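Below: the structure, in structure tokens.
The values are calculated or read from the model by the stated rules, or taken from the named source; none is laboratory data. Predicted model only: the values in this text are computed from it and were never measured. Counting neighbours? That spans all protein chains shown, and the Cβs are built from the backbone with ideal geometry, glycine included. Each accessible area value is taken on the protein alone, full model and side chains, heavy atoms only, with ligands, DNA and RNA left out. Shrake-Rupley method; radii C 1.70, N 1.55, O 1.52, S 1.80 Å.
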Amino acid sequence: MSTIVRVGIIGCGGIATGKHMPALARLKNVQMVAFFDLVEERAIEAKMQFGSEMAEHYTDYEELLANPGIDVVHVCTPNDSHSDISIAALEAGKHVMCEKPMATSAAEAKRMLETARRTGKKLSVAYQNRYRADSLHLKNLCEEGELGDIYFAKAHAVRRRAVPTWGVFLDKEKQGGGPLIDIGTHALDLTLWMMDNYEPKMVVGTAFHKLGPKEHAANLWGPWDPEKFQVEDSAFAYITMQNGATIFLESSWALNTVNIGESKCTLMGTEGGADMDSGLRINGERRGKLYTTNVDLDESGASVVDGKPESEADIEARLWIEAIVEDKDPVVKPEQALIVTEILEAIYKSSETGEPVYFEKK
């Protein structure tokens, strides 16, 4: 590979234009050379805004993948196409950054992982909340043993009324689900990563479609169409790990609560605890007294490159490209993203059957 990493973008919608492409554009050793979208105008617009001088646009992603001048592909399409496109890209000799969730089923996610291993190409999933200042600081504390053995945790992805009404978010076939697979996946990834525990034992879950049928509902992005609201509006789960550790997961786009919080986790260990309710707080016991510390995460501690502060998307893109150039594992390993997908699938299955779902010990 040359010193310049050449990237192809598959899917030029909101997540690509709002996160992936601006972050990649800030990297000096990256050129975006190809853009695909089913809507040709979107591909052309992305090429004009972010593309290199000789960039091309496509309305057939297989034609893009046949371009030998592409090293890396970012898959930013609806959830139901993540696996097929990622697998095709890996087979074509490209490294792949896939938007979350990894896939809409565990079987498809496994196919992605197996293909990456067989082709020797790198595969990662876009869980950018790992790169927030509070997340990075808390991860360091966990690795240093500040919290001890983390045996109970909560994964939070709760909105009161923030149902995304655009695109395919309400389409069960294309999305694979509602808030659980959309934002619950971020909270679960963050929690498992902090605990460094990827061995689930049992899941009990419930998904609700209670508020979706309401007409003229109050909502951040305007009322949703009940006829199009095919997915759950909230979902909850109790997850037990092989070592006995337990996670409570809550997710919602619409829920009658004032206790909201998204892409956050609460951790409780043998030596201390942490939460992200009001900034990052650490609690514990020292010299016979309880303490609570609010961690100062002001701009002075922010990640800065070339004198400019980095966003989570910037850090994600930089570390991903570094993993490719330096031939090392990406921060988000596909094996980890697979476990997240397996747990999400188990939650939906448990909700449908009313029974716990058990995992085989690996």
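Tell me which aspartates and glutamates have Cα within less than 20 Å of Lys47's Cα, excluding those fewer than 8 residues away on the same chain?
Here the aspartates and glutamates satisfying the reach criterion relative to Lys47 are Asp37, Glu56, Asp60, Glu62, Glu63, Asp71, Glu99, Asp314.
Given +1 on the Cβ of Lys and Arg, -1 on the Cβ of Asp and Glu, and no further charges, what dipole in debye does the chain carry about its Cα centre, rounded to the nearest 20?
Details: 39 positive and 56 negative charges, 121 e Å.
Rounded to the nearest 20 debye, it is 580 debye.
Give me the net charge for the shell around Asp149: Cβ to Cβ below 12 angstrom, other residues only, Lys and Arg +1, Asp and Glu -1.
On the way: positive: none; negative: Glu146, Asp196, Glu271.
Local charge sum for Asp149: -3.
Rounded to the nearest 5, what % of the DSSP beta bridges within the stretch 128-265 are antiparallel ones? Each step should come with its number before you reach the end.
Values: 20 of 27 bridges.
Beta bridges within the stretch 128-265, antiparallel portion: roughly 75 percent.
Work out, step by step, the length gained on full extension between Glu360 and Phe152: first 0.36 nm times the residue separation, then minus their alpha carbon distance; give nm to one decimal.
On the way: separation 208, 0.36 × 208 = 74.88 nm, distance 2.12 nm.
Between Glu360 and Phe152, full extension yields 72.8 nm more.
Counting other Cβ atoms within 10 Å, which GluC sites (Glu not before Pro) in the stretch 1-71 have at most 14 and lie in a DSSP loop?
Glu53
Rounded to the nearest 0.05, what FRET efficiency is calculated for Ile260 and Ala107 with R0 set to 30 Å and r the Cβ-Cβ distance?
On the way: r = 33 Å, r/R0 = 1.11.
Efficiency for this residue pair is about 0.35.
Please give, to one decimal in nm, the separation of the simple spin-label points placed at Asn140 and Leu319, each 7 Å out from Cα toward the Cβ.
It is 1.3 nm.
Counting only heavy atoms of protein chains, what accessible area per residue, in Å², does the chain have with a probe of 1.4 Å? Let's see the in-between values first.
Working: 16980 Å² over 362 residues.
Counting only protein heavy atoms, the per-residue value for the chain is 47 Å².
With the full set of protein chains in place, find how many percent of the accessible area of the stretch 5-126 is carbon and sulfur; take the probe as 1.4 Å. Write out the running numbers ahead of the final one.
Details: 2370 of 4960 Å².
Carbon-and-sulfur percentage of accessible area, whole number: 48.
Per-residue ellipticity at 222 nm for the chain, helices alone: DSSP H runs ≥ 4 residues times -39500 (n - 2.57), over residue total, nearest 500 deg cm²/dmol?
On the way: 10 runs with 105 residues, N = 362.
About -8500 deg cm²/dmol.
Between Ile85, Ile324, Ile15, find the one with the highest GNM mean-square fluctuation for the chain; connect C-alpha pairs within less than 10 Å.
Most flexible of the set in this elastic network: Ile15.
Please report the relative contact order for the chain, taking Cα pairs under 8 Å with a sequence separation of at least 6, and give it as a percent rounded to a whole number.
Details: 771 pairs, mean separation 69.1, N = 362.
Relative contact order of the chain: 19 percent.
Pop a pseudo-label 7 angstrom from the Cα along the beta-carbon direction at both Thr353 and Asp171 and give the gap in nm to one decimal.
Each label point lies 7 Å from its Cα, and together they span 3.0 nm.
Roughly how much of Trp221 is accessible, in Å² to the nearest 10, using a 1.4 Å probe?
110 Å²
Output the antiparallel fraction of DSSP beta bridges having both residues in the chain, as a percent to the nearest 5. The partial results should precede the final answer.
Numbers: 40 of 68 bridges.
Taking every DSSP beta bridge within the chain, about 60 percent pair in antiparallel fashion.
Fully extended, how many nm does the chain gain between Phe208 and Arg286 (0.36 nm per residue separation, minus their Cα-Cα distance)?
Working: separation 78, 0.36 × 78 = 28.08 nm, distance 4.25 nm.
Contour length minus Cα-Cα distance gives 23.8 nm.
What helices in the chain pass both tests, a Cα length along the helix axis of 18 Å or more and a mean Kyte hydropathy of 0.0 or higher, using whole DSSP H runs? Don't jump to the answer; show the numbers that get you there.
On the way: long enough: 106-119 (20 Å, -0.92); 312-325 (20 Å, 0.54); 334-353 (28 Å, 0.08).
Helices meeting the span and hydropathy rule in the chain are 312-325, 334-353.
Between the DSSP loop rule and a limit of at most 15 other Cβ atoms within 10 Å, which GluC sites (Glu not before Pro) in the stretch 257-362 are left? Show your work: numbers first, answer last.
On the way: sites: Glu262, Glu271, Glu285, Glu299, Glu310, Glu312, Glu316, Glu322, Glu326, Glu335, Glu342, Glu345, Glu352, Glu360; in loops: Glu271, Glu310, Glu326, Glu360.
Of the GluC sites (Glu not before Pro), the ones in loops of the stretch 257-362 whose Cβ has at most 15 other Cβ atoms within 10 Å are Glu271, Glu326, Glu360.
Arg132's amide H: which non-local residues (gap 5+, or another chain) put their own amide H closer than 5 Å, with H modeled 1.01 Å from N in plane and none for Pro or chain starts?
For Arg132, whose amide H was placed from the backbone, there are no distant partners under 5 Å.
Send over the per residue convex hull volume for the chain, Cα only, as a whole number of Å³. Write out the running numbers ahead of the final one.
Working: hull volume 54.1 nm³, N = 362.
With only Cα atoms used, the chain gives 149 Å³ per residue.
Average the reciprocal distances over every distinct pair of alpha-carbons in the stretch 1-120, invert the result, and give the Kirkwood radius in Å.
Values: mean 1/r = 0.0708 Å⁻¹.
Radius from the Kirkwood sum: 14.1 Å.
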